[in-house]
Amino acid sequence: MSKRLTLIAVGLFVTAGITCAQYPILDMVADRVVQKYQSSSCEQLWQKKGEPKSMEEQRVIGLLQGDPQMRTAFLNKVAAPIANKMFECGMIP
């Protein structure tokens, strides 16, 4: 059983590495997004919530909407840190 779990874990790490290697720019953007959430206070996040998106953000959103695999890779990287911060700030129940 332990050998099987080790093989599964190695497979997950390899898959994650391939996904990041496929989209190196996306990986940098995801890191910036996570950093933005981790370094912002709850008050800053509440204020930014209602602001319009920049042209760069709109472009990235368009790319993610057009490529399901890229969107999945992006969300897999940013979902947990963003959700945790939003939970801490009372933005999600």
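The residues of segment 33-56 that are in a helix (DSSP H, G or I) and surrounded by 13 or more Cβ atoms within 10 Å (Cβ to Cβ), listed by number, are 33, 34, 36, 37, 42, 44, 45, 46.
Applying a threshold of 6 Å to beta carbon distances and a minimum spacing of six or more residues, or different chains, the list of pairs starting in segment 74-93 at a residue that is within 17 Å of residue 44 (Cβ to Cβ) and ending at one that is in a loop (DSSP other than H, G, I, E, B) reads 86/92. A single member of 9, 30 is of a type in the set (A, V, I, L, M, F, W, C), part of a helix (DSSP H, G or I) and modelled with pLDDT of 90 or more, and it is 30.
The residue of segment 60-93 that is surrounded by the fewest Cβ atoms within 10 Å (Cβ to Cβ), among those that are within 12 Å of the chain's Cα centre (by Cα) and among the charged types (D, E, K, R), is 71. Please tell me if residue 69 is touching a helix residue (DSSP H, G or I) at 6+ places or on another chain (Cβ under 9 Å), part of a helix (DSSP H, G or I) and closer than 19 Å to residue 22 by Cβ. So residue 69 passes the test.
The values are calculated or read from the model by the stated rules, or taken from the named source; none is laboratory data. Predicted model only: the values in this text are computed from it and were never measured. Note that each Cβ is placed from the backbone with ideal geometry, even for glycine, and that neighbours are counted across all protein chains shown.
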